[in-house]
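I have placed the structure first, in the form of structure tokens, so that the comments after it can refer back to it.
The values are calculated or read from the model by the stated rules, or taken from the named source; none is laboratory data. The structure presented is a predicted model; accordingly, all values stated were derived computationally and were not measured. Please note: Cβ atoms are built from the backbone with ideal geometry, for glycine as well, and neighbour counts cover all protein chains shown. When the accessible area is computed, the model is the full protein with side chains, heavy atoms only, and any ligands, DNA or RNA have been set aside. Shrake-Rupley method; radii C 1.70, N 1.55, O 1.52, S 1.80 Å.
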Amino acid sequence: MPPESAPSRPSVVVFDMGGVLIDYNPRHLYRKLIPQEAEMEHFLATVTTREWHMRQDYDGDPAAATRELQALHPGKEALIAAYYDRFDEMLDHTFPPMVDLVERLADEGVPLYLLSNAPGFLDAWLRGPARTKHPFVGRFRDFIVSGHVGCWKPDAAIFELTCRTGGFRPQDAVFIDDVVANVEGARASGMSGIHHRSADETVAELRALGFPA
């Protein structure tokens with residue numbers, strides 16, 4: 001019998017955004033609005049909480065969520081409105097070694113995609129204003145934003161949609177995310193997965209897969 005052919009190595013890289021490429025952090029905005037650090041931390045912990053925001057990554061409506069939260073916190077309406085009105089300011093800071101990695105891969109012709117759990121309006125931001133603020137965003141072939149497409153990590157549906165969007169098979173791609181559950185979801189869908197902890201480790205894992213990182 002002829003020997004079995006070796007499994008093909010992935011040739012596509014799919015990146016998470018926040019925590020991997022961009023330092024998403026509400027503090028980048030709210031330090032401008034609430035000068036006292038303790039007061040700012042209290043506001044983020046008790047008003048615009050992580051749990052409140054994460055609902056907008058799924059099927060929530062940021063405008064409706066803002067109105068509902070404002071009704072619960074009289075006197076804080078303007079601060080609450082700023083969360084989504086000025087959301088891009090929470091995305092001002094990149095991780096330079098990871099941006100360099102994106103640029104190197106793109107220069108080598110590696111197909112790149114971005115998959116993020118984020119509110120739906122981030123899709124338009126990535127396709128427009130983000131390219132001015134962060135030119136490396138223009139190196140991605142397409143974007144899949146959970147709030148825009150109606151499914152989210154780590155569910156299989158969003159990884160299947162990512163493959164359909166790019167026209168590749170799951171085994172053709174490696175997914176990079178800083179959340180273990182999301183990496184496990186990608187692996188369950190047939191992709192390779194890298195749990196991002198540092199740029200050096202991620203680069204080493206990509207090189208082990210045969211990428212020119």
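So which residues in the stretch 118-143 are assigned to a helix (DSSP H, G or I) and of a type in the set (A, V, I, L, M, F, W, C), if there are any at all?
Leu122, Ala124, Trp125, Leu126, Ala130, Phe136, Val137
Give the residue that is most open to solvent (accessible area, probe 1.4 Å), with candidates limited to residues of the stretch 30-51 that are at pLDDT 95 or above and under 20 Å from the mean Cα position of the chain (by Cα).
That would be Thr49.
Can you tell me which residue within the stretch 180-197, out of those that are touching a residue at least 24 places away in the same chain (Cβ under 8 Å) and out of contact with any strand residue (DSSP E or B) (no Cβ under 9 Å at 6 or more places or on another chain), is surrounded by the most Cβ atoms within 10 Å (Cβ to Cβ)?
Among those residues, the one meeting the criterion is Ala188.
Condition first: under 17 Å from the mean Cα position of the chain (by Cα), assigned to a helix (DSSP H, G or I) and more than 18 Å from Asp100 (Cα to Cα). Now tell me which residues in the stretch 167-213 satisfy that.
Selection gives Val180, Ala181, Asn182, Val183, Glu184, Gly185, Ala186.
If a residue has to be touching a Gly at 6+ places or on another chain (Cβ under 9 Å) and crowded, with 16+ Cβ neighbours inside 10 Å to count, how many in the stretch 119-141 make the cut?
Going through the stretch 119-141 one residue at a time, the tally reaches 6.
Looking for whichever is in contact with a helix residue (DSSP H, G or I) (Cβ under 7 Å, 6 or more places away or on another chain) and open to solvent by 10 Å² or more (accessible area, probe 1.4 Å) here; the options are Asp200, Asp177, Asp155, Asp172. Which one fits?
Details: Asp200 fails: in contact with a helix residue (DSSP H, G or I) (Cβ under 7 Å, 6 or more places away or on another chain); Asp177 fails: open to solvent by 10 Å² or more (accessible area, probe 1.4 Å); Asp172 fails: in contact with a helix residue (DSSP H, G or I) (Cβ under 7 Å, 6 or more places away or on another chain).
Only one candidate qualifies: Asp155.
Quick check on the stretch 17-29. Is at least one of its residues closer than 30 Å to Cys163 by Cβ, touching a helix residue (DSSP H, G or I) at 6+ places or on another chain (Cβ under 9 Å) and either exposed (fewer than 14 other Cβ atoms within 10 Å of the Cβ) or of a type in the set (Gly, Ala, Ser) (or both)?
Yes, the conditions are met somewhere in the stretch 17-29.
Do we have any residue at all in the stretch 101-117 that's open to solvent by 30 Å² or more (accessible area, probe 1.4 Å), closer than 26 Å to Arg169 by Cα, touching a residue at least 40 places away in the same chain (Cβ under 8 Å) and not in a loop (DSSP other than H, G, I, E, B)?
Yes, there is a match, as at least one residue in the stretch 101-117 is open to solvent by 30 Å² or more (accessible area, probe 1.4 Å), closer than 26 Å to Arg169 by Cα, touching a residue at least 40 places away in the same chain (Cβ under 8 Å) and not in a loop (DSSP other than H, G, I, E, B).
Given the residues Val110, Val149, which is the only one that is β-branched (Val, Ile, Thr) and under 28 Å from Arg50 (Cα atoms)?
Within the list Val110, Val149, the selection yields Val149.
Search the stretch 13-60 for residues being of a type in the set (Asp, Glu) and without any contact (Cβ under 8 Å) to a residue 40 or more places away in the chain, and hand back the single one that is nearest to Ala157 (Cα to Cα).
Glu51
Test Gln70 against the stated conditions and say whether it is surrounded by 13 or more Cβ atoms within 10 Å (Cβ to Cβ) and either touching a Lys or Arg at 6+ places or on another chain (Cβ under 9 Å) or not in a helix (DSSP H, G or I) (or both).
When the stated conditions are applied, Gln70 passes them.
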